[in-house]
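To keep things clear, I will list the structure first and then write my remarks on it.
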Amino acid sequence: MKWKPFAAALVLFILMLANTLHADTPSPKVIRKQLLEALDRRSLTDSLYNTLSAEPNKSPQYLCYLGVVQALKAKHAWNPYYKVKYLNDSEKTLQQAINHEPDNIEIRFMRFSIEHNVPGFLGYGKHLVADREEMIKQLNAKHYGTADKDVVITIIKFLLDSKRCTLHENETLKKQLAALK
């Protein structure tokens, strides 16, 4: 028996199997779009939650998306117990993603945007300064990682609109935004 053709066929089969196993998992671009739609659609939030939770080997980026979906589940929950439970789950999941990729601007942005929008009295704003500083550091270095141009523009606009940046940071962000357009 010739092993080379057999080995090549086996490798091809494994690659095809791997592609079919992950065929149900949408691309990051699709997930980003669905996350925006899920802000107002509980059914889409639940669907994304099921899809992302079922992913066996979650990359830091997919952990981040799962954390965002958990926060959206908190937004859509009417029971205060579940609101807090989902926010706690979101915080833990996002921290796992950041532990794996602390320099990932998209992960930092997702956590920043959640903490920015959760009422301050709930105590979920403890990473706002660190995340803002890390995002600005990555933007200054033009280290965007998995974030495409549209995501980077969204990050800059959100930082500017958040009113959480210093005057100097705002000036730098405006220049970066103008250079990207």
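The values are calculated or read from the model by the stated rules, or taken from the named source; none is laboratory data. Source: prediction; values computed, not measured. Cβ: placed from backbone, ideal geometry, glycine included. Neighbour counts: every protein chain shown. Side chains are part of the model used for accessible areas, which takes the heavy atoms of the whole protein and leaves out ligands, DNA and RNA. Shrake-Rupley method; radii C 1.70, N 1.55, O 1.52, S 1.80 Å.
In degrees, nearest 10, range 0 to 90: what is the angle between the Cα axis of helix 105-117 and the longest Cα principal axis of the chain?
50 degrees
When the chain is treated as a GNM, springs tying every alpha-carbon pair under 10 Å, which of GLY123, GLY145, GLY67 comes out with the largest mean-square fluctuation?
Judging by the Gaussian network model, the answer is GLY123.
Classify the chain: rounded, prolate or oblate, from the alpha-carbon gyration tensor (a ≥ b ≥ c, eigenvalue square roots; a/c under 1.5 rounded; otherwise prolate if a/b is larger than b/c)?
Oblate, because a/c is 1.5 or more while a/b does not exceed b/c.
For region 74-169, report the accessible area per residue in Å² (1.4 Å probe, heavy atoms, rounded to an integer).
55 Å²
Assign one of three labels to region 96-177, namely rounded, prolate or oblate, based on the Cα gyration tensor with a ≥ b ≥ c the square roots of its eigenvalues; rounded applies when a/c is under 1.5, prolate when it is not and a/b is larger than b/c, and oblate otherwise. Walk me through the numbers on the way to the answer.
Working: a/c = 1.82, a/b = 1.17, b/c = 1.55.
Oblate, since a/c reaches 1.5 and b/c is not below a/b.
For region 60-160, which trypsin sites (Lys or Arg not before Pro) pass both filters: DSSP loop (anything but H, G, I, E, B) and at most 12 other C-beta atoms within 10 Å? Mind showing how you got there, number by number?
Details: sites: LYS73, LYS75, LYS83, LYS85, LYS92, ARG108, ARG111, LYS126, ARG132, LYS137, LYS142, LYS149, LYS157; in loops: LYS126, LYS142.
Filter output for region 60-160: LYS126, LYS142.
Tell me, in nm to one decimal, what length is gained between ASN99 and ASN140 on full extension, where the rule is 0.36 nm per residue of separation less the Cα-Cα distance?
Using 0.36 nm per residue and subtracting the Cα-Cα distance, I get 12.6 nm.
Between ASP161 and LYS29, how high is the FRET efficiency from 1/(1 + (r/R0)^6) when r is the Cβ-Cβ distance and R₀ = 25 Å? Nearest 0.05.
Working: r = 23 Å, r/R0 = 0.91.
Taking R0 as 25 Å, the efficiency between ASP161 and LYS29 is 0.65.
Once neighbouring chains are kept in place and the probe is 1.4 Å, which whole percent of the accessible area of the chain is contributed by carbon and sulfur?
Carbon-and-sulfur percentage of accessible area, whole number: 61.
Please work out the FRET efficiency for the pair ILE153 and TRP78, using the Cβ-Cβ distance as r and a Förster radius of 45 Å; give the result to the nearest 0.05.
That pair, ILE153 with TRP78, gives E of 0.85.
Would you mind checking the tilt of helix 28-38 against the longest principal axis of the Cα atoms of the chain, expressed as 0 to 90 degrees and rounded to 10?
The answer is roughly 50 degrees.
Only helical DSSP H runs with n ≥ 4 go in: add -39500 (n - 2.57) per run for the chain, normalise by residue count and round the 222 nm mean residue ellipticity to 500 deg cm²/dmol.
After summing the helix terms and dividing by residue count, I get -24500 deg cm²/dmol.
Greater than 23 Å separation of Cα atoms is the criterion. Which listed pairs, LYS142/LYS174; LYS29/LYS181; LYS83/LYS137, meet it?
LYS83/LYS137
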